[in-house]
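A short write-up of the structure that comes next.
The values are calculated or read from the model by the stated rules, or taken from the named source; none is laboratory data. Worth saying up front: this structure is predicted, and the values here are computed from it rather than measured. Heads up, the Cβs are rebuilt from the backbone with ideal geometry, glycines too, and the neighbour counts pull from every protein chain shown. With ligands, DNA and RNA removed, areas are computed over all heavy atoms of the protein, side chains included. Shrake-Rupley method; radii C 1.70, N 1.55, O 1.52, S 1.80 Å.
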Amino acid sequence: PGRAPPAPARRRFSIVRARAVAPPRRPPIARRRFAETVRITFVTHDGSEEWAVTGDVGDTVLEAALEHDVDIEAACGGELACSTCHVICTQELYESLGDVDEEEEDMLDLAWGLEDTSRLCCQIKITPDLDGARFVLPEEPDI
C-alpha cells in the first residue's frame, strides 16, 4: 500500500521577451484622383447666350451642363425617359459620337426641334475627344 500518487507533470513555460511593437498602421487616406477635364460650350439656338463649361472625363455632357447651370431642363434626370436634354451637334461632332441606340432614337422622336444631328446629352459620355465641342440648345416651343 505504500505507493504515493504520481507527481503531476511539470508544465513547461517559456519566457518570451515582449518586443516593442508599433501600433498597426492605418491605411492611407484615399486621395481623390483629379479627373481629366474638357471644355464644352453650350449655345442657344439663336446664339444669344453661351455657356463655356468644363466636364470630367467619364461624366455625361448633361452632368456637366447641370453642374454649371446651363439652361437645359433634363426632366428625367438623365435616365433616358424624356427628350428635354436634346442638343444639336455639328455634323463632324455627331459622327464622332458613334451610333445612336434604339432607346435614344425613340426618345429623340419626341423631341421638339429635332435635327438630323440631334442627340440626348444624357447619353453622351465625356471623352478627351470632346474638348472644345459645341452643343446648340434647340429653340423652345411657344406653348
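Percent of accessible area on the range 81-131 owned by carbon and sulfur, 1.4 Å probe? Could the numbers behind the result be given before it?
On the way: 1300 of 2970 Å².
After summing per-atom areas, the C and S share lands at 44 percent.
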In terms of the alpha carbon gyration tensor, root eigenvalues a ≥ b ≥ c, rounded if a/c is under 1.5 and otherwise prolate when a/b exceeds b/c or oblate, the range 68-114 is oblate
Name the shape class, rounded, prolate or oblate, that the alpha-carbon gyration tensor gives for the range 36-143, where a ≥ b ≥ c are the square roots of its eigenvalues, rounded holds for a/c under 1.5, and otherwise prolate holds if a/b is larger than b/c and oblate otherwise. rounded
Spelling out what I want: for every residue of the range 112-121, take phi, set θ = phi - 60°, compute 6.51 cos²θ - 1.76 cosθ + 1.60 (Karplus), and round to whole Hz; glycine and proline get x. 7, x, 5, 10, 4, 10, 7, 9, 8, 6
Solvent exposure, largest accessible area first (probe 1.4 Å, DNA, RNA and ligands not counted), of Asp71, Asp116: Asp116, Asp71
Along Cα→Cβ, 7 Å out, is where each label goes; now give me the distance between the ones at Thr117 and Arg3 in nm to one decimal. 10.7 nm
